[in-house]
Structures are given as C-alpha cells and as structure tokens.
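Here the structure is laid out as structure tokens; the discussion comes afterwards.
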Amino acid sequence: MKIAVDIGGVLGPKLSQRLNEDGTYDVAAAPFFDAQSVLSAWAWENGVEVFIVSRATTVEKMVANWAWLWKHFRSILPLAAENIFIYVGERSYKAELVKRLGIDVVIDDRVEVLGSMPPGTRLFAFNPDPAEVAAYKDSGDGHVTVVKSFSEVHQLLFGDCQFGLG
C-alpha cells in the first residue's frame with residue numbers, strides 16, 4: 001500500500017500558523033499529536049510505503065516545509081528522497097503525482113484537492129474546513145472520509161488501533 005500525506009494542516013500546523021513576526025517560519029512547531037507514531041508504524045510495516053506530497057506557493061515556503069519535515073520526521077521515517085515531493089506549482093500537479101506514483105491513499109486537509117484525485121484512490125480529509133466539506137457534499141461527490149487523527153485513519157485502513165491514542 002502506498003500512502004501520500006500532505007504537510008501543512010495534516011502532519012502539523014499550516015505554514016501561516018508557523019510564521020514568526022520576523023518573517024521566518026517556526027521549525028520547532030510540534031507535529032500533530034499522533035502523526036509521528038502512526039506514520040512511523042506505517043513506514044516500518046511490511047507493504048506500506050509513505051510518501052510526502054505537499055504544495056508550497058513559493059520556494060521559501062517549500063524550504064520551510066523541508067526544514068520542518070527534516071526536524072520532526074527524519075529519525076522516525078525511512079523516507080527516501082524519491083518519496084518526498086514538496087513542490088511549487090499548481091494544485092492539480094498533486095493529482096498527477098498521485099496517479100504517476102500509484103498512490104492508494106491520500107490524506108490532505110483540502111477537500112478541493114482530494115476531489116481532483118484519480119478514481120479508485122482512497123481519500124481522507126484531515127480536519128478540513130467545514131465549508132469546504134459542505135460544498136463538496138453538495139457537488140454530489142461523496143467519496144472523501146473526514147478524519148480528526150492519524151489513529152482514526154489507521155483504524156479505518158487496518159482495522160486496529162495499536163497506538164493507544166484513539
């Protein structure tokens with residue numbers, strides 16, 4: 001199984017929430033409470049390959065996401081460079097990457113992004129904006145599952161919750 005995960009709003013706070021007064025980004029901001037433990041378990045389980053697929057609007061923001069990811073996940077995830085896609089470009093490129101990489105599961109906080117994923121991809125909206133969820137449901141396309149934690153995603157995918165977190 002291949003699982004793609006976004007960074008801001010999914011693994012940890014969005015960049016806008018990590019912006020310091022001097023214009024730099026807070027690399028020390030903690031990941032969401034169960035992101036490290038669950039992703040670590042996925043990465044080390046046989047058959048689960050974790051990908052980071054995240055869009056940044058500027059090169060500076062891309063570098064800030066890389067720095068944050070490196071600080072909080074390098075020691076727990078066996079991520080190879082070829083499994084990390086932090087790019088500056090259009091949102092639509094994420095769907096292209098998911099298709100090209102053969103991703104089975106996508107976890108993102110933006111419902112509009114999930115709605116553009118290839119058919120057959122299992123989609124999880126991580127603490128999405130309720131207005132986006134309502135608009136998406138009104139469109140008649142209801143194949144996105146709303147979740148509030150990585151433990152919840154794990155339970156839905158694998159049927160157990162061995163982390164004691166939820």
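The numbers here are math on the coordinates, done by the rules we state, and not lab data. Computed from a predicted structure; not experimentally measured. Cβ: placed from backbone, ideal geometry, glycine included. Neighbour counts: every protein chain shown.
So which residue, out of ASP22, ASP34, ASP129, gets the largest mean-square fluctuation from a GNM of the chain using Cα contacts under 10 Å as springs?
ASP22
Return the long-range amide H neighbours of GLY9 (sequence gap of 5 or more, or a different chain), with a cut-off of under 5 Å between placed amide H atoms.
LYS14
With θ set to phi - 60° and the Karplus curve 6.51 cos²θ - 1.76 cosθ + 1.60, what are the ³J(HN,Hα) couplings of segment 94-102 in order, to the nearest whole Hz, using x for Gly and Pro?
These are the phi-based 3J(HN,Hα) values: 4, 5, 4, 4, 4, 5, 4, 7, x Hz.
Using modelled backbone amide H atoms (1.01 Å from N, in-plane), which distant-in-sequence or interchain residues come within less than 5 Å of LYS2's amide H?
GLU49, ASP104, VAL105
Loop only per DSSP, at most 15 neighbouring Cβ atoms within 10 Å: give me the trypsin sites (Lys or Arg not before Pro) in segment 1-90, ordered by residue number.
Within segment 1-90, the qualifying trypsin sites (Lys or Arg not before Pro) (loop, at most 15 other Cβ atoms within 10 Å) are LYS14, ARG74.
Restricting to the chain, what percent of DSSP beta bridges are antiparallel, rounded to 5? Before the final figure, lay out each step's value.
Working: 1 of 22 bridges.
About 5 percent, rounded to the nearest 5.
Where Lys and Arg each count +1 and Asp and Glu each count -1, what net charge lies around PHE126 among other residues with Cβ under 9 Å from its Cβ?
Summing Lys and Arg as +1 and Asp and Glu as -1 gives -2.
Quick one: which residues, 5 or more positions from TYR25 or on another chain, have an amide H under 5 Å from its amide H? H modelled 1.01 Å from N in the peptide plane, none for Pro or chain starts.
When sequence neighbours closer than 5 places are left aside, the close amide H contacts are ASN20.
Please give me, ordered by residue number, the trypsin sites (Lys or Arg not before Pro) of segment 75-129 that lie in loop per DSSP and have at most 14 other Cβ atoms within 10 Å.
Sites meeting the loop and neighbour criteria: ARG91.
Using a cut-off of 15 Å between beta-carbons, work out the net charge of the residues near ASP109 (Lys and Arg +1, Asp and Glu -1, ASP109 not included).
Local net charge: +1.
If we restrict to alpha carbons, what Rg and Dmax does segment 2-158 come to, in Å?
For segment 2-158, the Cα-based Rg and Dmax read 14.9, 44 Å.
I'd like the GluC sites (Glu not before Pro) in segment 8-110 restricted to DSSP loop residues with at most 13 other Cβ atoms within 10 Å, sorted by number.
Here the GluC sites (Glu not before Pro) that fit, given the DSSP loop and packing criteria, are GLU21, GLU45, GLU90.
Across segment 16-31, in residue order, what do the Karplus-derived ³J(HN,Hα) couplings come to in whole Hz, using 6.51 cos²θ - 1.76 cosθ + 1.60 with θ = phi - 60° and x for Gly and Pro?
My calculation for segment 16-31 gives 4, 7, 9, 7, 7, 4, 7, x, 8, 10, 6, 6, 7, 3, 6, x Hz in order.
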